[in-house]
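J.: My questions all concern the structure below.
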Amino acid sequence: CNGTFYDPGYLGDYSNSQSFTQTFSPASVGSKVRLNFSSFDTESGYDFLRIYDGPTTASPLIGAFSGTISPGVVTASNPTGQLTVQFTSDGSVINFGWVASISCVVLPEYVMDGVSVSTCSGTFYDPGYLGNYNNNQSFTQTFSPASAGSKVQLNFSSFDTESGYDFLRIYDGPTTASPLI
């Protein structure tokens, strides 16, 4: 749950026609792997680092990163806490690559996708807890009161999404078929 993740050309440029896949697993059950990219530079549109939320490349794709737009902070949100990265470069033009720190975090249970949470109090965080949420991310969370007759209330102390593109929808009931608040 700690260390540094470098591209295959560590301390120099990566090579042409490279391909590798690496899965990062947390050291303890309940933890989630987090990659924090401090630099990122691949051939834009041709050399890609793909990051998957899970143990294989069949897991949900978090994003395909190319050029100088860094993935930033990427945190696993799946039950195993694993992230899988796949890098491919074409046959021409090479760049510096990337440097990312590896850590593990224990996320509050309130960011677990698809798990119904019965609670009277707590804090609800987005899936990027302590960092940015990921591109192309989607999750559904149901909150139920801990006792019959009670109601769930959410008070947001902070809220920041990409205006007009990233949405938090809240439904008055147990499913997304319930009325949209």
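The values are calculated or read from the model by the stated rules, or taken from the named source; none is laboratory data. These figures come from a predicted structure and were not determined experimentally. For neighbour counting, all protein chains shown are included, and Cβ atoms are generated from backbone atoms with ideal geometry for every residue, glycine included. The area values use the complete protein model at the heavy-atom level, side chains included, leaving out ligands, DNA and RNA. Shrake-Rupley method; radii C 1.70, N 1.55, O 1.52, S 1.80 Å.
J.: Among the residues of the stretch 112-135, are any modelled with pLDDT of 80 or more and either in contact with a Leu (Cβ under 9 Å, 6 or more places away or on another chain) or basic (K, R) (or both)?
T.: no
J.: Given the options S89, S77, name the one that is crowded, with 20+ Cβ neighbours inside 10 Å, under 19 Å from N132 (Cβ atoms), out of contact with any strand residue (DSSP E or B) (no Cβ under 6 Å at 6 or more places or on another chain) and small (G, A, S).
T.: Of the residues listed, the single one that is crowded, with 20+ Cβ neighbours inside 10 Å, under 19 Å from N132 (Cβ atoms), out of contact with any strand residue (DSSP E or B) (no Cβ under 6 Å at 6 or more places or on another chain) and small (G, A, S) is S77.
J.: Could I ask something else about it? In the stretch 92-102, is there at least one residue being at pLDDT below 80 and either of a type in the set (D, E, K, R) or surrounded by 15 or more Cβ atoms within 10 Å (Cβ to Cβ) (or both)?
T.: Within the stretch 92-102, none of the residues are at pLDDT below 80 and either of a type in the set (D, E, K, R) or surrounded by 15 or more Cβ atoms within 10 Å (Cβ to Cβ) (or both).
J.: How many residues does the stretch 39-54 contain that are open to solvent by 60 Å² or more (accessible area, probe 1.4 Å) and within 21 Å of S138 (Cβ to Cβ)?
T.: So the count comes out to 1.
J.: Looking at the structure I just gave you, is S28 surrounded by fewer than 21 Cβ atoms within 10 Å (Cβ to Cβ), hydroxyl-bearing (S, T, Y) and modelled with pLDDT under 90?
T.: Here the answer is yes, as S28 does meet what is asked.
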